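Beneath this line is the structure, given in structure tokens, with notes to follow.
The values are calculated or read from the model by the stated rules, or taken from the named source; none is laboratory data. Values in this document were obtained by computation on a predicted structure and should not be read as measured data. All Cβ positions, even for glycine, are placed from backbone atoms using ideal geometry, and neighbour counts span all protein chains on display. All accessible areas refer to the heavy atoms of the entire protein, side chains included, with ligands and DNA or RNA removed. Shrake-Rupley method; radii C 1.70, N 1.55, O 1.52, S 1.80 Å.
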Amino acid sequence: MKKYQLWEIRDNGNNAGTKAPEDVRKVAAKFGFKQVNVIRKGEEKDVISRVYRQITFFNSWQKIYKEIESDSLLLLQVPFHDHEFSRTSVLRKLKSKKNVKIIYMVHDVEELRKINDNKFYQTEFNLMLEFADQIIVHNNVMIKFFIEKGVSTGKLINLEIFDYLDENKIELPNYSKEIFIAGNLDVKKVKYLSYLNKIDDVHFTLYGSNFSLTEYKNIKYKGSVKPEQLPHLLNRGFGLIWDGDSISTCSGVFGQYLKYNNPHKLSLYLASGIPVIIWNQAAEANFVKEKNVGIVISSLYDLPAVLNSVSEEKYLELANNVKKEAKKLRKGFYTEKALKKAINKINP
């Protein structure tokens, strides 16, 4: 059975994906998935550019249909974010005329994330349910959501956590009570950042874009760096997985999404070698507890007491457990494991 994976290439030759889909692409390639490309022409919104872009999409999908052999396997990473002329019809033809089996790797579910929950994404979600032979989802909580949508358990695979590929050597971190926060630092999205100055005796170091809280004494802002550079900078303390409007709990649209998703920053922190602190209602809190790679808390107000309770010996125990997971994440262990399951279910 031949294996293919879809990938979007921008017209300047650059990959369109961020680190999470890019890492999936690399693992799949090592696993024998041949890349078939959709070309995206520009970002301009004028009518001529949009028409030209759709023509390019159409040509890409026609080429993909010719290239993919019958009785083969196709990996798609979703959600798609653009209307692409002929994508749906080609996928349907691949299924019906060439007996192609499709594996979906889910990065986000917009119905759960709720910031892009519109007709386009709902249609794309329903098409996935129609076309999928196997669906790789984040965790067991998300599996329950898909079952409620009518998907049989036999089609669903638990990824457990996103990998974070890195070929460099892993060093044990230094014992510290410092808290790292990495990602989008725009307080319009990540409102809880505005209240960090209310947490006494805790020091935060932030990496990311759109930061505007320079007046906070307990925050050090270190700028925005590339994903591949971050693991070398996070070499002590803890990584924080928190989101939403409040420091009391993870509220609001972004905070509540933690109940369902695998935040990529969890993978970043663990791949960097540092233990994590995560909201106790987050879906991945179970992973953190099972692997003993961090601490779960209900409120950021609990941080001072929690950090004071962690001895250097306890921290080293967590760090050693993190190191075991980091080795897996850096090699693509969880992605490969999920892909193997999907292939074996399709072609036992």
query = Of all residues in the stretch 297-307 being in contact (Cβ under 8 Å) with a residue 12 or more places away in the chain and open to solvent by 50 Å² or more (accessible area, probe 1.4 Å), which is nearest to Leu112 (Cα to Cα)?
reply = Ser298
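Does Gln62 fit the bill of being assigned to a strand (DSSP E or B), at pLDDT 95 or above and among the polar types (S, T, N, Q)? Spell out the reasoning first.
Details: assigned to a strand (DSSP E or B): no; at pLDDT 95 or above: yes; among the polar types (S, T, N, Q): yes.
No, not satisfied.
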task = Specify the residue that is farthest from Glu160 (Cα to Cα); the eligible residues are those in the stretch 84-100 that are of a type in the set (Lys, Arg) and more than 24 Å from the chain's Cα centre (by Cα).
result = Lys97
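If a residue must be open to solvent by 10 Å² or more (accessible area, probe 1.4 Å) and not polar (S, T, N, Q), how many such residues does the stretch 92-109 contain? It would help to see each step written out before you state the result.
Start the filter on the stretch 92-109 by keeping residues that are open to solvent by 10 Å² or more (accessible area, probe 1.4 Å), which leaves 92-93, 95-99, 101, 107-108.
Among the residues that remain, those that are also not polar (S, T, N, Q) are: 92-93, 95, 97-98, 101, 107-108.
Number satisfying all stated conditions: 8.
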ask   = at pLDDT 95 or above, part of a helix (DSSP H, G or I) and hydroxyl-bearing (Ser, Thr, Tyr) - does that describe any residue in the stretch 99-117?
value = no
query = Hey, does the stretch 271-294 have a residue that's surrounded by fewer than 16 Cβ atoms within 10 Å (Cβ to Cβ) and in contact with a Cys (Cβ under 8 Å, 6 or more places away or on another chain)?
reply = yes
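Check every one of the strands (runs of 3 or more DSSP E) wholly within the stretch 130-230 and list those with 1 or more residues that are open to solvent by 80 Å² or more (accessible area, probe 1.4 Å) and free of Cβ contacts under 8 Å to residues at least 40 places away in the same chain. Talk me through it step by step, then tell me what you get.
On the way: elements: 134-137, 156-158, 174-184, 204-209, 219-221.
It comes to 219-221.
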